[in-house]
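Every read-out reported here was derived from the displayed coordinates using simple, explicitly stated rules and does not represent laboratory data. Note that the structure is predicted; figures quoted are calculated from it, not measured. Neighbour counts are summed over all protein chains in view; Cβ atoms, including those assigned to glycine, are modelled from backbone coordinates with ideal geometry.
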Amino acid sequence: MTSGIEGRARLGALLPVAVAVVVAAAVVVGYLYLYAPRATRVRAGDMAPDFTLPAAGGGAPFRLSRARGGPTFLFFFDSRQDGNESYVDSLQRLNKRFAEQGLTVLGVAFDPQPATLKTFLARVYVEFPILTDPFASTLIQAYGPVRDPEAYLIDRDGRVVSAFTERVDWRTTEFIGRLEKELRPPGGRPESPSPR
């Protein structure tokens, strides 16, 4: 009888320790989840899933595979998010600098309300296509859950070179190096800008 009471007493003493260990493990797992780098379903080396979406300002729908033949910088965004005016403006400068060398910059806005995107585009000037996919319904099927920001550098054959889960500062040496490698014709030197 005494051993049963002692066993329950020992068990009662161990219970708070066991609870503390479980709570500590949950905190560590939660911390690692929150601060782990976010992965994308589509990764470097994969073929970029194709899609066709309408242009934000009207006009003919645009098919991603139509951009093949040169590298493509594809990015997804929500125009309601802070900082996206300057981000899209920065990507307009990327487009301006490399369009003549064959780069296609392509944005896909997944704002749920077309009016919000229209207001955004009235404030931000772009010369590259902005497509619209309210609620990311098409993108989710091809790329999985998308977030703002998310971007892909795609080679001339439609294969993903790099996937980005943060806003891209295209002026960095690392990004320029990746891009210039893709701007070169196969086995050659960088292409010269075509005369206008």
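Calculated FRET efficiency, Arg41 and Ala122, Cβ-Cβ r, R0 41 Å, to nearest 0.05?
The computed FRET efficiency comes out at 0.80.
Please turn the phi angles of segment 56-72 into ³J(HN,Hα) values with the Karplus equation 6.51 cos²θ - 1.76 cosθ + 1.60 (θ = phi - 60°), one per residue in order, whole Hz, x for glycine and proline.
My calculation for segment 56-72 gives 4, x, x, x, 5, x, 10, 9, 4, 5, 5, 7, 4, x, x, x, 10 Hz in order.
Before anything else, pin down the relative contact order of segment 52-183: Cα pairs under 8 Å, at least 6 apart, normalised by residue count, whole percent.
Result for segment 52-183 is 31 percent.
Tell me, what HN-Hα J-couplings in whole Hz come from the Karplus equation 6.51 cos²θ - 1.76 cosθ + 1.60 at θ = phi - 60° for each residue of segment 159-164, using x for Gly and Pro?
9, 6, 8, 8, 10, 10
Can you quote the Å³ per residue value for the convex hull of the Cα atoms in segment 52-144, rounded to an integer?
94 Å³
Return the long-range amide H neighbours of Ser162 (sequence gap of 5 or more, or a different chain), with a cut-off of under 5 Å between placed amide H atoms.
Under 5 Å from the amide H of Ser162 lie the amide H atoms of Leu153, each far enough along the sequence or on another chain.
Hey, can you rank 100-108, 167-175 by average C-beta count inside 10 Å, highest first?
Put in order of decreasing packing, that is 100-108, 167-175.
Please list the non-local residues whose amide H lies under 5 Å from the amide H of Phe62, H modeled 1.01 Å from N, same-chain partners needing a gap of 5 or more.
Amide H neighbours of Phe62, under 5 Å, 5+ apart: Leu53, Ala55.
In whole Hz and in residue order, list the ³J(HN,Hα) couplings for segment 137-152 that follow from phi through the Karplus curve 6.51 cos²θ - 1.76 cosθ + 1.60, θ = phi - 60°; x for Gly and Pro.
4, 6, 4, 4, 5, 8, 10, x, x, 9, 10, 9, x, 8, 8, 9
Counting DSSP beta bridges with both partners in segment 41-167, what percentage is antiparallel, nearest 5?
Here the antiparallel bridges make up roughly 60 percent for segment 41-167.
So who's got an amide H within less than 5 Å of the one on Val108, skipping anything under 5 residues away but keeping other chains? H placed 1.01 Å off N, in plane.
Amide H neighbours of Val108, under 5 Å, 5+ apart: Phe75, Phe76, Phe77, Leu131.
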